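K.L.:
Here you go, one structure.
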Amino acid sequence: MRVVFLGATKGMGRALARRMASRGESLFLLGRSEEELAKSAEDLQVHGAGGDVHWAQCDLLDPAGFPKALEAAESAMGGFDTVVVTAGQFASQEELEGNASLAAQVATVNFTNTMVFCESARQRLLEQSGGTLCVFSSVAGERGRKPVIIYGATKAGLSAYLEGLDHKYRQEGLRVVTVKPGFVRTSMTQGLKPPPFAGDPDEVAETVLHAIDRGTPVVYVPAPWKAVMAIIRRLPRSIMRRVKF
Ligand SMILES: NC(=O)c1ccc[n+]([C@@H]2O[C@H](COP(=O)([O-])OP(=O)(O)OC[C@H]3O[C@@H](n4cnc5c(N)ncnc54)[C@H](OP(=O)(O)O)[C@@H]3O)[C@@H](O)[C@H]2O)c1
C-alpha cells in the first residue's frame, strides 16, 4: 500500500501507522506540527516502513492547504492508493455548551474540514482508478446523547457523509472504511473515567488494518461496541431522557 496518513502522530493513528509500517507499507504523513511529524516519520522508519517516510504540514483548520499536502504525497510516493484520517478534536459537552467558538472549531475540524479533505482525497483516488479511504468517526454519532451532544453531532455528520460516499462510489473502485470507536485510552480520553469495554490503540489498530485489507464499510472498535450501540439505537426517547449516557 502507498498510504497518506492524517493523524499518525498520536493515539490510534500512531498505533495503526506503526502496524502498517511493520508490514513494510509506504507511508506519507500529514499533520499540523512539523516537530511531531518528523518524530513520527523517524519512528515509523524504525518500525520497518517501506522506503523513506516523508511528511507535509496539513492542519484541519486550514483547508486551503489540503490540495498542496496531497500533491506532496503524490509526488513523494508516485501516487497513493490508501488515505487514512484519524485526526480529530474532542471537548466535553460542558466545555462546548459554554464556548460557542470552541463548538464551531470542533464542528469545523471533525465535520466540515474533514469532509473537504476527504473530497480532495476521493477525487485523487478515483483518478487513479480507486483505492481505500479509511476515516475515524465515532459511536458518539449514532444517537443524540447527553454527554456528547455537540461532539456526537459532528461525528453523525461525518458518518452520514462517508456512508453516502460508499453508496455512490464503491462500484467505481473507492472503498470507504468508516471506523466507529467506542471508548479508547488515548491522549483524547486522558482524565476521563473508562467505561466498560474501553480499549487500547493497539487492539484497535489490528482490527482496523484487517478492515482496510477487506474493505469493510463500517467497523466498531473494540468489537463489543457494535452490540452496545445496537441496543442504544433502539432505546426510546422516554428512556434516553432519563439516563445519563
Ligand atoms: N479515543 C476515543 O475514545 C475515541 C472514541 C471515538 C472516536 N474517536 C476518534 O478517533 C480519532 C482518533 O482519536 P485518538 O483518541 O487516537 O486521538 P488523539 O490521540 O488525541 O490523536 C488525535 C490526532 O489528531 C491530530 N489533530 C488534532 N487536531 C488536528 C488538526 N487541527 N489538524 C490536523 N491534525 C489534528 C493530532 O495531531 P497532533 O499530534 O498535532 O496533536 C493527533 O494526531 C479521532 O477522530 C477521534 O475523534 C476517539
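K.L.:
So what's the projected area for the chain, the Cα convex hull averaged over all directions, in nm²?
P.N.:
Over all viewing directions, the chain projects a mean Cα-hull area of 12.8 nm².
K.L.:
Taking the Cβ of R124 as the center, what net charge do the other residues with Cβ under 14 Å away carry, scoring Lys and Arg +1 and Asp and Glu -1?
P.N.:
-3
K.L.:
Right, here's the next one. Order these peptides, 53-59, 9-15, by their mean beta-carbon neighbour count within 10 angstrom, highest first.
P.N.:
Put in order of decreasing packing, that is 9-15, 53-59.
K.L.:
Just to check I understand the Karplus step: with θ = phi - 60° and J = 6.51 cos²θ - 1.76 cosθ + 1.60, what whole-Hz values come out for region 195-206, glycine and proline as x?
P.N.:
Those phi angles translate into x, x, 6, 5, x, 10, x, 5, 5, 4, 4, 4 Hz.
K.L.:
Whose amide H sits under 5 Å from the amide H of E25, counting only residues 5 or more places off or on another chain, with H placed in the peptide plane?
P.N.:
HN-HN under 5 Å from E25: G50.
K.L.:
A further question on this structure: Scan around G199 for amide H atoms under 5 Å from its own, H built in the peptide plane at 1.01 Å from N, and keep only partners 5 or more places away or cross-chain.
P.N.:
Long-range HN contacts for G199: F183, V184, R185.
K.L.:
Report, by chain and number, residues whose modeled amide H sits under 5 Å from the one on V177, excluding near sequence neighbours (fewer than 5 apart, same chain).
P.N.:
Amide H neighbours of V177, under 5 Å, 5+ apart: L133, C134, V135.
K.L.:
Tally Lys and Arg at +1 and Asp and Glu at -1 over the other residues with C-beta under 14 Å from the C-beta of T82: what net charge comes out?
P.N.:
+3
K.L.:
What residue among L174, A160, V219 has its Cα farthest toward the positive end of the dipole of region 136-223, where the charges are +1 on Lys, Arg and -1 on Asp, Glu, each on the Cβ?
P.N.:
Selected residue: A160.
K.L.:
For the pair S75 and I231, what calculated FRET efficiency results from E = 1/(1 + (r/R0)^6), where r is the Cβ-Cβ distance and R0 = 41 Å, to the nearest 0.05?
P.N.:
0.30
Readers should treat all values here as calculations from the given coordinates under stated rules, not as data from a laboratory. None of the values given here were measured: they were computed from a predicted structure. Glycine also receives a Cβ, built like all others from the backbone with ideal geometry; neighbour counts cover every protein chain displayed.
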